[in-house]
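The values are calculated or read from the model by the stated rules, or taken from the named source; none is laboratory data. Source: prediction; values computed, not measured. So basically every Cβ, Gly included, is an ideal-geometry build from the backbone, and we count neighbours across all protein chains shown. Accessible surface areas use protein heavy atoms only, side chains included; no ligands, DNA or RNA. Shrake-Rupley method; radii C 1.70, N 1.55, O 1.52, S 1.80 Å.
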Amino acid sequence: MFGLDPNIFKKDCPVKPGNDTFSNNLQVVMDFDFVKEVLPLYVEATCLTLRIGFIGIALSFFAGIFCALVRYWKIPALSFIVRAYTELSRNTPLLIQLFFLYFALPRLGIKLTGEQCGIIGLTFLGGSYMAETFRSALESVGRVQLESGMCVGLNKRQLVEYVVLPQAAALSVPGVVANIIFLLKETSVFSAVALADLMFVAKDLIGLYYKTEESLLLLVAAYFIILLPISVLSRIIEGRLKRGQY
């Protein structure tokens, strides 16, 4: 169309695509000796990531339940505070929250370690997401079922215990699991506050030894090993809940 010879690139190319040398040049050489050598560092970083992640997720779980109940029961004194917290937490990145905890609070006389900042930041962020998940599950229970419970003589506590909570728990499972996976992936920013997590180890090894492929391969494998069992377990739980096997 533009008057170019279609064979011009073939003529100038010293190695043809079908040549074995060309194929070998495309292969990425992996240094498996390096992988074996640094594997203990990734194991240690994985343990740190899991410890901080699950402590933060457990605390955010309870914070989410508390905030959801406040919003569900519309407690006047606390509902506005919970709503403000939810909006602040969900609309600011975790990295900014960690910077505030790690760099700004010491100027106010409050000094936290990197691990403490990670747990508090993850709890602060995760609590708002858990709260919205639980609140939507609570509000999805039909009013007809509440009225039916009152008709058979159940009081408010019994309605919550026997009607609302069992259904809300089943409905919240997919959202809770999605939040857990999201929060575990968010731990990748902990390296910003000097925590030797998985991302910190990967970036450090790349900077020191220029082993990009090997470092990233181990990083991906570590997160995959952490998150895959959670995803599989969630599918099993959801399947049992759908069949009514509590």
Would you point out which residue out of Ile236, Ile206 is in a helix (DSSP H, G or I), among the β-branched types (Val, Ile, Thr), more than 19 Å from the chain's Cα centre (by Cα) and buried (at least 16 other Cβ atoms within 10 Å of the Cβ)? Ile206
Please state which one of Phe224, Phe124, Phe182 is open to solvent by 30 Å² or more (accessible area, probe 1.4 Å), under 30 Å from Asp31 (Cα atoms) and at pLDDT 90 or above. Phe224
With the structure loaded, tell me whether Ser191 is touching a residue at least 24 places away in the same chain (Cβ under 8 Å) and surrounded by 14 or more Cβ atoms within 10 Å (Cβ to Cβ) or whether it fails that test. no
Note on Pro76: of the conditions (1) at pLDDT below 90; (2) within 26 Å of Val177 (Cα to Cα), unmet is (2)
If you check every pair at least six apart or on different chains, which have Cβ atoms under 8 Å apart with a residue in segment 140-154 that is over 20 Å from Leu171 (Cα atoms) first and a residue that is modelled with pLDDT of 75 or more and surrounded by 13 or more Cβ atoms within 10 Å (Cβ to Cβ) second? Met150/Leu159; Leu154/Val163
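To keep it simple, each residue is scored yes or no on (1) open to solvent by 50 Å² or more (accessible area, probe 1.4 Å); (2) under 22 Å from Ile57 (Cβ atoms); (3) of a type in the set (Lys, Arg).
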{"position": "Phe80", "(1), (2), (3)": "yes, no, no"}
{"position": "Thr86", "(1), (2), (3)": "no, yes, no"}
{"position": "Leu95", "(1), (2), (3)": "yes, yes, no"}
{"position": "Phe99", "(1), (2), (3)": "yes, yes, no"}
{"position": "Leu112", "(1), (2), (3)": "no, yes, no"}
Kindly list the number of the only condition in (1) closer than 26 Å to Leu198 by Cβ; (2) part of a loop (DSSP other than H, G, I, E, B); (3) more than 16 Å from the chain's Cα centre (by Cα) that fails for Cys117. (2)
Within 28 Å of Val173 (Cβ to Cβ) and either open to solvent by 100 Å² or more (accessible area, probe 1.4 Å) or among the hydroxyl-bearing types (Ser, Thr, Tyr) (or both) - does that describe any residue in segment 33-50? yes
Filter pass, Ala192 being in contact with a Leu (Cβ under 7 Å, 6 or more places away or on another chain) and assigned to a loop (DSSP other than H, G, I, E, B): no
